[in-house]
Amino acid sequence: QSVLTQSPSASGTPGQRVTISCSGISSNIGTYTVNWYQHLPGTAPRLLIYSDNHRPSGVPDRFSASKSGTSASLAISGLQSEDEADYYCATWDDSLNGHLVFGAGTKLTVL
Amino acid sequence: QVQLQESGPGLVRPSQTLSLTCSVSGASITTTDHYWTWIRHRPGKGLEWIGYIYYSGTTFYNPSLESRLTISVDTSKNQFSLRLISVTAADTAVYYCAKDGTGEGQLVYWGQGTLVTVSS
């Protein structure tokens, strides 16, 4: 069971906007910034968002994210078929001498 | 451009030791602000952070794996390694090495991943 809670699935049709949430506690999201990853089968995960709401170069501006308190969310607008993937939030956690934690992942289906 | 490449056996027997190496190019493994990380993806599960090593040799490990885990660095070869003892089928996974730029999960550069199966 992951320390960060994500809905197991989400879906949308092409062109729609979808949101994926990530819920934590004070020792992780409440203290540290959140990063988001996109994971396609058979490939290495890709950093989509870092430091709560920043996009690395090359990531389309259709991807955005925010954080408030102990929760974070990733938004994908103008949904495309190639966005179908697993999405993970990740952040540092202060407990047990400190370690990185991932959410359990959200499977996004483009209908 | 930083590149990472995992190498090691694809099959490990139960109770034996899993050993993987990550070769780094395009960056020095001794550079500050680089946290050399191992992550795995077990079948049907999510991503799992295994741990990382800082250039100074300081390590941080996943608490659930810490008793079986060692991450080390070989500066002469610009490589870092993972050693996991007493493996079981639950350790079957695709193992990735990656570079964390902040030590808090900002993993921009990844290896392609290597599948390790634990089976007799």
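Structure remark: mean-square fluctuation, Gaussian network model of chain B, C-alpha springs under 10 Å; the largest value among B:G44, B:G101, B:G57 belongs to B:G44.
Considering only the other residues whose Cβ falls under 13 Å of the Cβ of B:S23, what net charge follows from Lys and Arg at +1 and Asp and Glu at -1?
On the way: positive: B:K77, B:K99; negative: B:E6, B:D74.
Computed value for this residue: 0.
In this label model, A:T109 and B:T117 are separated by 2.9 nm, measuring between points 7 Å along each Cα→Cβ vector.
In the protein assembly as shown, the convex hull through the Cα atoms has an average projected area of 12.0 nm², a quarter of its surface area.
Per-residue mean of foreign Cβ neighbours for B:107-114 is 4 (Cβ atoms of other chains, 10 Å radius).
Once the Kirkwood radius over Cα pairs is known for region A:1-62, the Stokes-Einstein relation at 4 °C and 1.567 mPa s delivers a diffusion coefficient of 95 µm²/s.
Taking chain B as a Gaussian network, where each spring joins two C-alpha atoms under 10 Å apart, which residue of B:S67, B:S19, B:S76 fluctuates the most? Among B:S67, B:S19, B:S76, the largest GNM mean-square fluctuation belongs to B:S76.
Can you give the log10 of the normalised intensity I(q)/I(0) at q = 0.11, 0.27 Å⁻¹, computed with Debye over equal Cα scatterers of region A:19-96? Log10 of I(q)/I(0), two decimals: -0.27, -1.32. If you wrap region B:52-116 in the convex hull of its Cα atoms and look at it from every side, the mean projected area works out to 5.0 nm².
3J(HN,Hα) along region A:78-84, derived from phi through the Karplus expression 6.51 cos²θ - 1.76 cosθ + 1.60 where θ = phi - 60°, amounts to x, 3, 10, 4, 6, 7, 5 Hz, with x in place of Gly and Pro.
DSSP finds beta bridges in the protein assembly as shown, and of those with both partners inside it, around 90 percent are antiparallel. Overall, the ratio between the Cα radius of gyration of chain B and 2.2 N^0.38 Å, rounded to two decimals, is 0.98.
Read-outs throughout are calculated quantities, based only on the coordinates presented, and are distinct from any laboratory measurement. Owing to the predicted nature of the structure, the values given are computational and were not obtained by experimental measurement. So basically every Cβ, Gly included, is an ideal-geometry build from the backbone, and we count neighbours across all protein chains shown.
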